[in-house]
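One structure is given here, and the rest of the page talks about it.
The values are calculated or read from the model by the stated rules, or taken from the named source; none is laboratory data. None of these values were measured; they are calculated from a predicted model. No Cβ is skipped: glycine too gets one built from the backbone with ideal geometry, and neighbour counts run over all protein chains shown. When the accessible area is computed, the model is the full protein with side chains, heavy atoms only, and any ligands, DNA or RNA have been set aside. Shrake-Rupley method; radii C 1.70, N 1.55, O 1.52, S 1.80 Å.
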Amino acid sequence: MLTAWISYTPLLAAAAYLTLLVAVATRPRQHALQSRWLLAYLALSVVWALITFLTPPGRPAPDLAGALLLVGATLLGQTTAVFVTRHPEKQWLRVGGGAVLLGLAGQYGLARLNLPPALGGLGNGRIAILVIWLALSSAIFLFVWRSYRQTRLPWHANRALYWATALLVTFGGEALLLTNLAPLGFVGQFVRFLGVYALTHASSSYRLFDIRTYLQRLIAFTVLNVTAALPVMAAFLVARQLPESLGASLQILLAVLIIAASLLLYSPFRRFVARLTYRYLFGERINTNQLVRRYSQGIARALAVQELSLVIYGTLNELLGIRRGALLLVTRREDDFAIEPVPAQGHLPPQTQYVALNSLFITALLRQGQPLLQYEIDFNPEFQVLVVEERKWLHEINMEVYVPITAGGNLEGVIALGPKRSGATYQKGELDLLQLLADQTAVALQNARLYSELNAQNARIRDLNVDLLRQNERLAIMDKVKTDFITIASHELRTPLTQVKGYADILTAINAEDGLTPMQTKEIMAHINRATSQLERVIAAMLDASQLDADGIELMPVPVSLEMVLRMAVEPLLPALRERQIRYTTLGVADLPRIHVDLQRMVQAFANILGNAVKYTPDHGRIQVHAVRVPDINGRIDHIEVTVNDSGIGIDPRFHELIFEKFFRVGDPQLHSTGSTRFKGAGPGLGLSIAKGVIEAHNGRIWVESPGADEARLPGSSFHILLPLA
Ligand code: ADP
């Protein structure tokens, strides 16, 4: 009778799977992809149960039911992949398909071999299926288990744990079924259905019960009751063991007394054990009244938002033990919301995030006025329409719960908290308490925001003032440059002119007396020549400088090596370098690709820079030119960076920009140009402005670095020149 009933279980199972199938199919589709694979799996389960019903155990190969179980495991693998990673993984289908084929082949192969029936009457074909099924199901289980271990957010981890448990039950049922033993088969069918039911539930509802907390509570409850009952049980045992010699009435009296005493003590003892157990498992209970009071005092004292963020996190961390926390400031603007993170603990992306006025994240927080879990955002179908950028940002800040702070129907801020250190989920009571605290925070937050805003304004004004001062200083210097210009220009022009005039006078005077030897004539002519050349150089430099101003310079770029440019630039300086014993070296210059530049102009620019290095470096110093290839900010186009570093007197940081201005030079304008390479030999203040003009015309950049000017310590200067290769 019983066996007859048992033989109908597959049919019952088929009906049960069909019911699940219909339930899933008629449910509004939220996770269409996931449902599709689940539906396939359920449909297969129906067919498999029917085939199991139609093929009584012990039938020889082909073992259709066994093979279908493998196909089922393949579909389950795919459903699992979609559940965990949210997209189907082809390799599951490949692995599963391979496993099914292997199972069938093994089944036939082993059946042909006609081996003696193995393992308690299991057919050889079944064994092949069993082995492959075991491999496949272990792989699926391990896949989920790994995801569970790697998930940091507790509710997310719980979802994986739930699925892993349901898988374990399903596979347990299948294992029982695969043994081919009738009574176990009955249990197996039931267990498998239970597992599949749980899987279906997990994939269609995001509200899954919290396995770990449930288990913890169960353990606590069991430990508590067993321990609390121990003294009473002991009392009963002692009462039964009282020696006969006491006499019956005394025996009874003592027994009653002992039992009564133990019963009296039961309640306080149980309370004591309860305290111990809960403290051990769930930590010390916190006095909420005290906490709320302390919290209010703390936030009332916090002046700026950063301080407020720290106070909020500090209290909540003490209460719940939280890994990360931040305050998100929400500002409603004309056509969006700005969410500005103020971190308290843990790393956060520092940028302000802008979200639309109808942002689901904001409206959900406002509407429910309750903490929102990241888990809901990820798995509640309502949040499926959340904008991709918002979702990405929320993942980036990596928090577990968002508690809204509202005032007058506006969202002022959000307390964002990471997972607890214990790895436990946030419980309902805790979320309520969090909201209670957040509700108290609104006024403090508004004040702190005002205060911070005021501070920021002040800082901005201070910065502006500093900027203004700097600009003023610069203007004053530029003004001086303008007056200096006249002095410099007249000096620059008058010095050689005076020389020419002087020599011309001498020439006239001596010539009148006819007393000039050819040797003397030659010498005087040489002086005049040098002076006119100097005049020419100054005027050429002035022309160049004005040309740079007017309409830029015309370039004729040709491919040249930097090495050649440098060689040509340093050529005229070689005698001075030798004479003043300055060591000139280059590094990395030879290994660079060619640059496309106007050769003459580039030589001029480098000659000016190197000339300055010679002029502002004392005898026995050194000048080093170093060149490297550097990618630009986007890491794309290559540049070369040339650094001209000297061991000279250095430049005051105040003048780092000004020295590139026309006619600007550090020091006394009365010093007239010597045009030479003498130490500190002044020039017309045009060299660097021309160099800058040339380099910028080539889309390059030039700047200087120097710790300061000091003729005693000689800190040196480094001129950096960035030139594009293309
Ligand atoms: P100048 O004709 O006076 O050399 P520049 O435009 O070439 O004019 O340079 C402007 C000023 O920059 C110089 O007067 C000098 O004070 C400063 N300067 C330029 N190069 C150096 C350097 N290598 N070391 C120290 N000071 C420098």
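Can you tell me which lysines have their Cα less than 25 Å from the Cα of residue 680? Leave out same-chain residues fewer than eight positions away.
480, 482, 615, 662, 692
Under 5 Å between amide H atoms, partner at least 5 residues away or on a different chain: which partners does residue 586 have, H built in plane at 1.01 Å?
625
Considering only the other residues whose Cβ falls under 13 Å of the Cβ of residue 695, what net charge follows from Lys and Arg at +1 and Asp and Glu at -1? Could you put the intermediate results ahead of the total?
Working: positive: 601, 692, 701; negative: 598, 641, 696.
Combined, the nearby Lys, Arg, Asp and Glu give 0.
What GluC sites (Glu not before Pro) does segment 524-596 have in DSSP loop regions with at most 11 other beta carbons within 10 Å? Don't skip to the end; give the middle numbers.
On the way: sites: 536, 554, 563, 579; in loops: 554.
Answer by residue number: 554.
I'd like the Karplus ³J(HN,Hα) series for segment 323-334: coefficients 6.51, -1.76, 1.60, θ = phi - 60°, whole numbers in Hz, and an x wherever there's a Gly or Pro.
5, 9, x, 7, 10, 9, 8, 10, 10, 7, 10, 3
Give me the one-decimal nm value for the distance between modelled label points at residue 629 and residue 55, 7 Å along each residue's Cα-to-Cβ direction.
In this crude spin-label approximation the distance works out to 6.6 nm.
Work out how much length residue 440 to residue 587 would gain on full extension: take 0.36 nm times their residue separation and subtract the Cα-Cα distance, in nm to one decimal.
Details: separation 147, 0.36 × 147 = 52.92 nm, distance 6.58 nm.
Computed gain between residue 440 and residue 587 is 46.3 nm.
Per DSSP helix of 4 or more residues, -39500 (n - 2.57); summed, then divided by the residues of the chain. What does that give at 222 nm, rounded to the nearest 500?
Working: 21 runs with 450 residues, N = 726.
It lands at -21500 deg cm²/dmol.
Could you give each residue of segment 211-225 its phi-based ³J(HN,Hα) in whole Hz, using Karplus coefficients 6.51, -1.76, 1.60 with θ = phi - 60°, and x for Gly or Pro?
Here the 3J(HN,Hα) series is 4, 5, 5, 4, 4, 4, 4, 4, 4, 4, 4, 5, 4, 4, 5 Hz.
Which value, in Å² and to the nearest 10, is the accessible area of residue 484 when all protein chains are kept and the probe is 1.4 Å?
20
Can you send over the solvent-accessible area of residue 272, 1.4 Å probe, protein chains only, in Å² to the nearest 10?
About 100 Å², ignoring ligands and nucleic acids.
Highest mean first, how do 447-455, 338-346, 403-411 rank when packing is the count of other Cβ atoms within 10 Å averaged over residues? Each step should come with its number before you reach the end.
Working: 447-455: 15.7, 338-346: 19.6, 403-411: 17.2.
Packing proxy ranking, top to bottom: 338-346, 403-411, 447-455.
Let a ≥ b ≥ c be the square roots of the eigenvalues of the Cα gyration tensor of segment 341-451; is it rounded (a/c under 1.5), or, if not, prolate (a/b larger than b/c) or oblate? Numbers along the way, then the final one.
Values: a/c = 1.25, a/b = 1.10, b/c = 1.14.
Rounded, since a/c falls under 1.5.
What net charge is computed for the residues neighbouring residue 594, neighbours being all others with C-beta under 13 Å from the C-beta of residue 594, Lys and Arg scored +1, Asp and Glu -1?
Computed value for this residue: -2.
Specify the angular offset, from 0 to 90 degrees and rounded to the nearest 10, of the alpha carbon long axis of helix 9-26 from the longest principal axis of the alpha carbons in the chain.
40
Work out the FRET efficiency for residue 519 and residue 352 from their Cβ-Cβ distance, taking R0 = 51 Å, and round it to the nearest 0.05.
Values: r = 82 Å, r/R0 = 1.60.
Step by step, r from the Cβ atoms, then E = 0.05.
Per residue, how much accessible surface does segment 303-382 expose to a 1.4 Å probe? Answer in Å², no decimals. Write out the running numbers ahead of the final one.
Values: 3490 Å² over 80 residues.
In whole numbers, segment 303-382 has 44 Å² accessible per residue.
Please give the FRET efficiency for residue 594 paired with residue 303, using the beta carbon to beta carbon distance and R0 = 51 Å, rounded to the nearest 0.05. Provide the component values of the computation, followed by the final result.
Details: r = 61 Å, r/R0 = 1.19.
E(calc), rounded to 0.05, equals 0.25.
Sticking with the crude label model, points 7 Å out along Cα→Cβ, report the distance from residue 7 to residue 23 in nm, one decimal please.
3.0
Assign one of three labels to the chain, namely rounded, prolate or oblate, based on the Cα gyration tensor with a ≥ b ≥ c the square roots of its eigenvalues; rounded applies when a/c is under 1.5, prolate when it is not and a/b is larger than b/c, and oblate otherwise.
Here the chain falls in the prolate category.
What's the angle, to the nearest 10 degrees (0 to 90), between helix 599-615's Cα axis and the longest principal axis of the chain?
80
Compare the peptides 683-690, 227-234, 99-106, 715-722 by average per-residue count of other Cβ atoms within 10 angstrom and give them in order, highest first. List each step's numbers first, then the result.
Numbers: 683-690: 23.1, 227-234: 14.6, 99-106: 18.5, 715-722: 20.4.
So the order, starting with the most tightly packed, is 683-690, 715-722, 99-106, 227-234.
How big is the antiparallel share of DSSP beta bridges in the chain, given as a percent to the nearest 5?
90
Under 5 Å between amide hydrogens, which residues at least 5 positions from residue 406 or on another chain qualify, with H placed 1.01 Å from N in the peptide plane?
Counting only residues 5 or more places away or on other chains, the set is 412.
For helix 288-301, what angle does its Cα long axis make with the longest principal axis of the chain, in degrees from 0 to 90 and rounded to 10?
For 288-301 against the chain, the angle is about 10 degrees.
Given points 7 Å out from each Cα along the Cα-Cβ axis, report the residue 220 to residue 146 separation in nanometres with one decimal.
Between residue 220 and residue 146, the label points sit 3.5 nm apart.
Round to the nearest 0.05 the FRET efficiency obtained for residue 467 and residue 387 when R0 = 60 Å and r is the Cβ-Cβ distance.
Details: r = 39 Å, r/R0 = 0.64.
Rounded to the nearest 0.05, the efficiency is 0.95.
Restricting to DSSP loop positions (anything but H, G, I, E, B) with no more than 11 other Cβ atoms inside 10 Å of their own Cβ, which GluC sites (Glu not before Pro) remain in segment 231-332? Walk me through the numbers before you get to the answer.
Numbers: sites: 244, 284, 307, 318; in loops: 284.
Listed in order of number, the matching sites are 284.
Determine, for each peptide in 209-218, 620-629, 509-518, the mean count of other beta carbons within 10 angstrom over its residues, then list the peptides with the highest first. Intermediate values should be presented prior to the final figure.
Numbers: 209-218: 13.2, 620-629: 17.6, 509-518: 10.0.
Those peptides, ordered most packed to least, come out 620-629, 209-218, 509-518.
Using the Karplus curve 6.51 cos²θ - 1.76 cosθ + 1.60 with θ = phi - 60°, what ³J(HN,Hα) values do you get for each residue of segment 464-477, in whole Hz, with x for Gly and Pro?
In residue order, the calculated couplings are 4, 4, 4, 4, 4, 4, 5, 4, 4, 4, 5, 4, 4, 5 Hz.
Run the accessible area of the chain with a 1.4 Å probe and give the carbon-and-sulfur part as a rounded percent. The partial results should precede the final answer.
Values: 24050 of 39100 Å².
Roughly 62 percent, rounded to a whole number.
Quote to one decimal, in nm, the extra length available between residue 511 and residue 252 on full extension: 0.36 nm per residue of separation minus the C-alpha distance between them.
Working: separation 259, 0.36 × 259 = 93.24 nm, distance 15.69 nm.
Here the segment from residue 511 to residue 252 would lengthen by 77.6 nm.
From the square roots a ≥ b ≥ c of the eigenvalues of the alpha-carbon gyration tensor of segment 262-324, which class results: rounded (a/c under 1.5), prolate (a/b over b/c), or oblate? Don't jump to the answer; show the numbers that get you there.
On the way: a/c = 9.55, a/b = 2.81, b/c = 3.40.
Judged from the Cα gyration tensor, segment 262-324 comes out oblate (a/c at least 1.5, b/c at or above a/b).
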